[in-house]
Amino acid sequence: MDYNSLKDFTIDLAKSSGKILMSYYGSNLKIDKKSSVDLVTKADLESEKNIISTIKTNFPNHDIISEESDIISSKSNYKWIVDPLDGTTNYVHSLPIFSVSIALQYKNDTKIGVVYNPAYNKCFWAIKDMGAYDNNTKISVSNNDQLINSLLVTGFPYKQDKAWHKSFDIFKEFYSLTQGVRRLGAASLDFCFVAMGRFDGFYELNLKPWDVCAGDLICREAGGKTSNWNNNKMPFSGSNIIASNKKIHSSILKILTQKKYQTILN
């Protein structure tokens, strides 16, 4: 496959769904609830319909995993991982931190990642072994090698269980050891902001494949490192992830590998 052409296809697809999202942005959308805080809107569903139908038209035998739909599988070596609207709660409140996230894997290896924020016309993308970009500008992670000089980003689980409570303990610990910890509410963009050096590191629990797949590649292609909380390969499931500029990765691990936090891992 020509991955450069596929990258162009993926960017065009993300941007066409971005136009759909912006057509509803700031309006009084009907909101459905998967839970009291996990939302879905007509914009999510129309964005997803656009992505899935376009992929099926152009690549009818490819598998597709998308947040709002059942898995579409023909046992292909090619698999698309799609989040039609990452950051729905931000979107509903007209906070312009949301994205369309699309990745393409071949034999479970991510080859293309695209994360598009239509509110700012920011398109982050990467092809494996070819670097990472913000629109047409090549990006790279920060050079900071001290946790005390770092700015981190994180998120919190929806379900108020043991992991939810422990996540605030972790937040407090990192907050006391860094220049700050932010919570933006769109994991795909958190990866990209590490990739471009805005953040030095990102950690989170209980994400999903569509939250992490594209951003993971973009971060690694920008010179960053990703892993799980035990420094093994970052899980496709997104169950526990770290993304960093590589230089502070061991410092983040030192906190998260403490026994008191290991008990919450899936």
Label selected from [x] 49, 41, 35; [y] 46, 44, 33; [z] 56, 47, 41, the criterion being Cα extents along the principal axes in Å as computed here: [x]
Simple spin-label model, 7 Å along Cα-to-Cβ: LYS233 to SER94 in nm? 4.5 nm
From Cα pairs below 8 angstrom and at least 6 apart in sequence, can you work out the relative contact order of the chain, rounded to a whole percent? 16 percent
Check GLY224: other-chain or 5+ apart residues with amide H under 5 Å from its amide H, H built from backbone geometry? VAL141
The range 147-262: antiparallel DSSP beta bridges as a percent of all, rounded to 5: 55 percent
Along the range 106-117, what does the Karplus equation 6.51 cos²θ - 1.76 cosθ + 1.60 (θ = phi - 60°) give for ³J(HN,Hα), rounded to whole Hz, x for Gly and Pro? 10, 6, 6, 10, 6, 9, 9, x, 9, 10, 10, 9
Per 0.36 nm of contour for each residue apart, how much would the distance between SER73 and THR54 grow if the chain were fully extended, relative to their Cα-Cα spacing? 5.3 nm
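In nm, what is the difference between 0.36 nm times the number of residues separating SER16 and GLN146 and their Cα-Cα distance?
Values: separation 130, 0.36 × 130 = 46.80 nm, distance 4.03 nm.
So the chain would gain 42.8 nm between SER16 and GLN146.
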Alpha carbon centroid spacing (whole Å) that separates the range 40-114 from the range 199-263: 22 Å
Suppose each label sits 7 Å from its Cα in the direction of the beta carbon; what would the TYR3-ILE255 distance come out to in nanometres? 3.3 nm
Got a sec to turn the phi values of the range 6-22 into Karplus ³J(HN,Hα) couplings, 6.51 cos²θ - 1.76 cosθ + 1.60 with θ = phi - 60°, whole Hz, x for Gly and Pro? 5, 4, 4, 4, 5, 5, 4, 5, 4, 5, 5, 6, x, 5, 4, 4, 5
Collect residues whose amide H, placed 1.01 Å from N in the peptide plane, falls under 5 Å from the amide H of TYR25; neighbours closer than 5 in sequence don't count. none
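In the range 55-158, which chymotrypsin sites (Phe, Trp or Tyr not before Pro) are in a loop and have at most 14 other Cβ atoms within 10 Å, using DSSP for the loop call?
On the way: sites: TYR78, TRP80, TYR91, PHE98, TYR106, TYR116, TYR120, PHE124, TRP125, TYR133, TYR158; in loops: PHE98, TYR120, TYR158.
Qualifying residues, ordered by number: TYR120, TYR158.
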From fewest to most C-beta neighbours within 10 Å, the residues THR57, THR257, THR41 line up as THR57, THR257, THR41
Quick one: of the DSSP bridges fully inside the chain, what percent are antiparallel, nearest 5? 80 percent
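Read-outs throughout are calculated quantities, based only on the coordinates presented, and are distinct from any laboratory measurement. Since we're looking at a predicted model, the values are computed, not measured. Using ideal geometry, Cβ is built from the backbone for each residue, glycine included, and neighbour counts are taken over all protein chains shown.
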